[in-house]
Amino acid sequence: MSRKTRTIYNAEFKDDAVKLVINQGYKIEEAADRLGVSKSALGKWVRSKKIEKSDSGLSFSEKEELVQLRKALKRAEMEGDILKKAVLSLKSLCNNLLKIIVKTSKFNVYLDL
């Protein structure tokens, strides 16, 4: 007698499998056969996603888009912070260079300094 081992699928695999059914229009049986998972497992994953959808008011694809937009926003905010620091650093450097030039320059007469 051999025991059947239970396969554990990660969340990314489950999400991709559900997308085949919900977004791509595959039947549960067809997607399950192609992916090598049981029809009952895939059916549970799809029902679970549909329940999540009804709870939040957002569709599965809308939730996915929301996650991507939040990631993009966070990245843009971080890039903005880096650019602000760079601008401040360059401004300080330019001011210091201008002070040095004015102090050591013979153009003070022309600048009325």
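The values are calculated or read from the model by the stated rules, or taken from the named source; none is laboratory data. Just so you know, these numbers come straight off a predicted model, no measurement behind them. Because the Cβ atoms are built from the backbone with ideal geometry, glycine has one as well, and the counts that use them run over all protein chains shown.
General observations
- Residue in segment 78-98 that is at pLDDT 90 or above, part of a helix (DSSP H, G or I), of a type in the set (A, V, I, L, M) and under 28 Å from K19 (Cα atoms) present: no
- Test result for K91, farther than 30 Å from K49 by Cα and without any contact (Cβ under 8 Å) to a residue 40 or more places away in the chain: yes
- Selection count, segment 1-53, where residues are crowded, with 16+ Cβ neighbours inside 10 Å and hydroxyl-bearing (S, T, Y): 1
- Considering residues of segment 17-66 that are in contact (Cβ under 8 Å) with a residue 12 or more places away in the chain, of a type in the set (V, I, T) and in a helix (DSSP H, G or I) only, the residue farthest from K4 (Cα to Cα): I22
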